[in-house]
Amino acid sequence: RSSSGQKELTDINVLADEYIRLCYHGLRAKDKSFNATIKTEFDASLEKVNVLPQDLGRVILNLLTNAFYAVNEKKKSGLAGFDPTVTVSTKKVKSKVEIKVKDNGNGIPQKILDKIFQPFFTTKPTGQGTGLGLSLSYDIITKAHGGTLKVDTEAGDGTSFIIHLPVH
């Protein structure tokens, strides 16, 4: 989808749900063996937020793609009893809306953590990613929406990407 460049009052829960489905089915279409548990924890009381829906959708899609990739890589390592799980949650935090994409993959090693938002940085094999995902996502959230995009990671235990958007 191309962006109209116009912010619209958007139901973040509906938007997130739509992109979860899009992402998951897209990955399943490419790799029939791919499987993960998806949990949603949506705050039903969220008011609509003035955002660029296509751009925010691209960010959510990118974070989900990375999360599914992370849990799939951990599953491939053959860990017994591992259930690849991605959780998407929304909630109101003071005057902001929080969107969190959490995975139970291997986490992001400390040595690369400060590079993940740089253009062209990727940990994926050649041809698996452009390395523009997190860099563009960061710009869309901070520049186009005046929000923040933070990462919280625990080695071997998973990663959370947390978006805070101002409610206008």
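The values are calculated or read from the model by the stated rules, or taken from the named source; none is laboratory data. Please read these numbers as outputs of a predicted model, since none were measured by experiment. FYI the Cβ positions are ideal-geometry reconstructions off the backbone, even for glycines, and counts take in every protein chain you see. Quick note on the areas: whole protein, heavy atoms, side chains included, nothing else; ligands and nucleic acids left out. Shrake-Rupley method; radii C 1.70, N 1.55, O 1.52, S 1.80 Å.
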Output for Cβ contacts, cut-off 7 Å, separation at least six or different chains, first residue open to solvent by 80 Å² or more (accessible area, probe 1.4 Å) in the stretch 24-40, second in a strand (DSSP E or B) and at pLDDT 90 or above, reads K39/T85; K39/T87
Only one of L61, L56 is in contact with a His (Cβ under 8 Å, 6 or more places away or on another chain) and either at pLDDT 95 or above or not in a loop (DSSP other than H, G, I, E, B) (or both), namely L56
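Here's the yes/no breakdown for (1) modelled with pLDDT under 95; (2) in a loop (DSSP other than H, G, I, E, B):
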{"site": "S2", "(1), (2)": "yes, yes"}
{"site": "Q6", "(1), (2)": "yes, yes"}
{"site": "N13", "(1), (2)": "no, no"}
{"site": "A16", "(1), (2)": "no, no"}
{"site": "Y19", "(1), (2)": "no, no"}
{"site": "G26", "(1), (2)": "yes, no"}
{"site": "N35", "(1), (2)": "yes, yes"}
{"site": "I38", "(1), (2)": "no, no"}
{"site": "D43", "(1), (2)": "no, yes"}
Only unsatisfied item for L136, checking (1) under 24 Å from N50 (Cα atoms); (2) at pLDDT 95 or above; (3) open to solvent by 30 Å² or more (accessible area, probe 1.4 Å), is (2)
I112 passes all but one of the listed conditions (1) closer than 17 Å to V151 by Cβ; (2) open to solvent by less than 80 Å² (accessible area, probe 1.4 Å); (3) in contact (Cβ under 8 Å) with a residue 12 or more places away in the chain; the exception is number (3)
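To keep it simple, each residue is scored yes or no on (1) in contact with a helix residue (DSSP H, G or I) (Cβ under 8 Å, 6 or more places away or on another chain); (2) within 30 Å of Q6 (Cβ to Cβ).
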residue	(1), (2)
K74	no, no
S77	no, no
T90	yes, yes
L113	no, no
S137	yes, yes
I140	yes, yes
A144	yes, yes
G147	yes, yes
T153	yes, no
Note on the stretch 53-109: residues over 12 Å from the mean Cα position of the chain (by Cα), open to solvent by 20 Å² or more (accessible area, probe 1.4 Å), within 22 Å of P166 (Cβ to Cβ) and aliphatic (A, V, I, L, M) are V93
The residue that is nearest to N50 (Cα to Cα), considering only those in the stretch 152-167 that are open to solvent by 40 Å² or more (accessible area, probe 1.4 Å) and either touching a strand residue (DSSP E or B) at 6+ places or on another chain (Cβ under 6 Å) or among the aromatic types (F, W, Y) (or both), is H164
TODO: Can you confirm whether the stretch 92-106 contains a residue that is of a type in the set (S, T, Y) and more than 15 Å from Y19 (Cα to Cα)?
DONE: yes
